[in-house]
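Comments concern the structure below.
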Amino acid sequence: MKKIWFFVFLLSALASQTLFVDGVAALVEDKIVLKSDLNQMVNMVAIQQKIDPNRDLKKYSELRQAVLSSMVDQKILLELAEEDTTIEVSEKEVDQALDLQVENIIRQAGGKKEAEKMLQQSIKSFRSEFWYEMKDKIISEKFQQKVLSKIKVTKNDVFSFFEN
């Protein structure tokens, strides 16, 4: 009985507070790009490109737009890839890609503490939050490779394209 009253008390306490949890940065069909995911990705790319938002706000803002555009493109590819039942991604593939990504972030940031500061969260937290994003990224990349592998272009095609 105590557990029920505690739960009711907790719910009423939460209902009386207005909490901002997250927001939607973009929507592609039923796929959502959250502002928190966008911020995380922008911070990650900023580390890789050595862009300090405190020193170069314009570059950081341009980076934010480019990353959002890329995330929307990825969601579109993911939407198309879901229609293709031949594309599979294993947990091992995702873990390996994520390991590589984390190693790169740490190396480019100059250490684990610096990376966590730039990501504004622990590496462990980043890994768990970014896992599904990495899986989606791999799926959309595999789909893109599959589509592009079917395109055949000859030297004459290139010449005729530039002649027109």
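FYI, it's all coordinate maths here, none of it is from the lab. Note that this is a predicted model, so its numbers are computed, not measured. Positions of Cβ are backbone-derived with ideal geometry, glycine not excepted, and every protein chain shown enters the neighbour counts.
In table form, for the structure just shown:
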quantity	calculated
Hz values of 3J(HN,Hα) by residue in region 121-131 - Karplus curve (6.51, -1.76, 1.60), Gly and Pro given as x	5, 6, 4, 4, 5, 4, 4, 5, 6, 8, 4
Hits among lysines - C-alpha to C-alpha of residue 142 under 23 Å, sequence gap 8 or more where chains match	31, 75, 92, 150, 152
Three-way shape label, region 53-100, alpha-carbon gyration tensor, a/c 1.5	oblate
Nonlocal amide H pairs with residue 34, under 5 Å, H built at 1.01 Å	25
Mean Cα-pair separation over length for the chain, i.e. relative contact order, pairs under 8 Å, 6 or more apart, %	22
Overall form of region 44-125 per C-alpha gyration tensor (a/c, 1.5; a/b vs b/c)	oblate
Of the trypsin sites (Lys or Arg not before Pro) in region 28-136, those whose Cβ has at most 15 other Cβ within 10 Å and which sit in DSSP loop	50, 55
Extended-chain gain in nm, criterion 0.36 nm per residue less alpha-carbon gap, residue 59 and residue 153	30.2 nm
In region 79-125, GluC sites (Glu not before Pro) in a DSSP loop with at most 16 other beta-carbon atoms within 10 Å	82, 83, 88
Prolate/oblate/rounded label for region 97-164 (Cα gyration tensor, a/c 1.5)	prolate
Residue-averaged [θ]222 nm for the chain, counting only DSSP H segments that reach four residues, each worth -39500 (n - 2.57)	-23500 deg cm²/dmol
